[in-house]
Every structure is written in C-alpha cells, then in structure tokens.
Amino acid sequence: MPSPTYRLGVPADAYEIAVMSRYLIEVGLRGWSWPPDRVAKAIKARETCVLAAEVRPHLVGFAIMEFGDTSAHLSLFAVKPSHQRCGVGRHMIHWLEESALTAGIAAINLELRVNNFGARTFYRMLGYKEVNYIPGYYRGVETAVRMTRDIRRAIPSAIGEKRGK
Ligand SMILES: CC(C)(COP(=O)(O)OP(=O)(O)OC[C@H]1O[C@@H](n2cnc3c(N)ncnc32)[C@H](O)[C@@H]1OP(=O)(O)O)[C@@H](O)C(=O)NCCC(=O)NCCS
C-alpha cells in the first residue's frame, strides 16, 4: 500500500473531509455537524490547523485542530478504514503535537464518543489521559469522554537526548 503524504488542507478538500467526518465519526448520530461549508471555514481560519493525509487522488485521513493561547483542541480526527492500523493516525498526532509545541501550546484536549473503544485505546497508547465524562455531549443523547495530554513533557527528554543524556 503506498504511503500517504501529509500536507495542510486546502478548500478543495472540504467535501471529502466532511463526508469522512459524517461516516467515520458521526455515524449513527442525527444531523451533520461538520458539513462542507464548516470544514471550508476551518481550512481558511488562522487559528485552525487542518491536516490531510493523501494517497492520490484521495484523502485517507484528516485532522482538524483549533489553537488557543495555551491549549489546542482536536475537533475532528479520522483515518479511512482501508488505511487504519498502518500508523497514519499516529503520524498525524505526532505532526500536530510538533506544530502545537512550536506554537507554545502546553496541552491538547479532545472529546470522543464513550463507546469508541478503539480510538480510546489509540489515544491512551499515545499518552492521552481520560479526564472526565460529559453526558449528552453528542446531540444531547450520547456521552463523551474528554482526554488530554500535556505535550510539554516531551521537551526535556528531547533536549536531553540531543545532549546525549
Ligand atoms: C482511531 C483512529 C484515528 C486510529 O487511526 P490509525 O491510523 O488506525 O491508528 P494507528 O495505525 O496509527 O495506530 C497506532 C496504535 O494505536 C492503537 N490502535 C489504533 N486503533 C486501534 C483500535 N481500533 N483498537 C485498539 N487499538 C488501536 C494500536 O496500539 C496501534 O498500534 P498497532 O497497530 O501497531 O497495534 C482510526 O481508527 C479512526 O479513524 N477511527 C474512526 C474515527 C475515529 O474514531 N476518530 C477518533 C475520534 S474523533
């Protein structure tokens, strides 16, 4: 399977990302909270990073992360089933964490559906901690689990490694 290339999202990606969000993240929920026009706005927004993983001519994964002053919020994140368990998700999270560190961000927060056990395992494996449950977070009916990672912990060890410590 060809390896994806990783790049910033462009307006032409909005429809494909929106469709993936509907069928991979919001599956079974009423409505469509990230239709193409909302994704297109996120792609253009200065404080939002949209990352695309592409195996031409299609996207195989994407992430939408909003940057605040000291924390960032991972709003949407998915990899197509055909490319799952190949390291694409892990690569995108590392890319986002590097960008956030460079921007002076201390922590990344996210919410996901409580019954999404695969993704909960994925985030835990990458160092994210479950901090609380939010009943009714999704359309007033489904509980979310909030997860967070203090990415600053990565800095001292990275510096130490460079100095050979
Ligand atoms: C969660 C998701 C993004 C993971 O992406 P991915 O590219 O498959 O993840 P990776 O291949 O980088 O996985 C890295 C590690 O995470 C863990 N992991 C990933 N998916 C897992 C799953 N379904 N069950 C258990 N562990 C999992 C494994 O330890 C895996 O390493 P391994 O394959 O060597 O065992 C992907 O399954 C997905 O898009 N799911 C649907 C949408 C979604 O749930 N989005 C997140 C919530 S918004």
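The values are calculated or read from the model by the stated rules, or taken from the named source; none is laboratory data. The structure displayed is predicted, hence computed values, not measured ones. Here Cβ is always computed from backbone atoms with ideal geometry, including for glycine, and neighbour counts include all displayed protein chains. We work out accessible area using only protein heavy atoms, side chains counted, and drop any ligands, DNA or RNA first. Shrake-Rupley method; radii C 1.70, N 1.55, O 1.52, S 1.80 Å.
The figures follow:
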| item | result |
| --- | --- |
| With every protein chain in place, the chain: carbon and sulfur % of accessible area (1.4 Å) | 55 |
| Debye log10 I(q)/I(0) for region 33-75, one point scatterer per Cα, at q = 0.15, 0.18, 0.19 Å⁻¹ | -0.40, -0.56, -0.62 |
| Test item: Cα-centred dipole of the chain, Lys/Arg +1 and Asp/Glu -1 on Cβ, debye | 360 |
| Long-range Cα-Cα pairs in the chain (distance over 19 Å), rounded percent | 57 |
| Residue-normalised accessible area of region 57-97, given per residue in Å² at a 1.4 Å probe | 46 |
| Under 30 Å, Cα to Cα: Lys pairs in region 5-162, sequence gap 8 or more or different chains | 5 |
| S33-T143 pseudo-label distance in nm [points 7 Å out on the Cα-to-Cβ vector] | 1.7 |
| Positive-pole candidate from Y6, I25, L74, dipole of region 5-162, charges at beta carbon | I25 |
| Solvent exposure ordering (accessible area, 1.4 Å, most first) of W95, W32 | W32, W95 |
